1. Round to the nearest 10 and report in Å² the accessible area of residue 8, as given by a 1.4 Å probe over the protein chains' heavy atoms.
2. Over all directions, the average projected area of the alpha-carbon convex hull for the range 1-57 comes to how many nm²?
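The values are calculated or read from the model by the stated rules, or taken from the named source; none is laboratory data. Nothing here was measured: the structure is a model prediction, and the numbers come from that model. Quick note on the areas: whole protein, heavy atoms, side chains included, nothing else; ligands and nucleic acids left out. Shrake-Rupley method; radii C 1.70, N 1.55, O 1.52, S 1.80 Å.
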Amino acid sequence: MIVCLCHVVSDRTIRARISEGVRTVDDLGRACGAGTGCGGCKGQLAQLLKETRQEACARSAAREDCSGIPLPLVSAVL
């Protein structure tokens, strides 16, 4: 699915950048251009960052303690 219409960036590309270590909406913009046009997709980018962290936490061996998995910084959305 295309998330960023301005730069035609898919959720697959965004998730790949997140898995490579991108942790903020601004960093996603630098990595693949998403969110750097009109900015209308920044909320979706923040949601994808959050979901990806939660998915990584669910896969971790110690589900009760996900402190080893970095929390994405999404404050740049606001």
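1. For residue 8, the solvent-accessible surface is approximately 100 Å².
2. Convex hull of Cα atoms, orientation-averaged projection: 3.2 nm².
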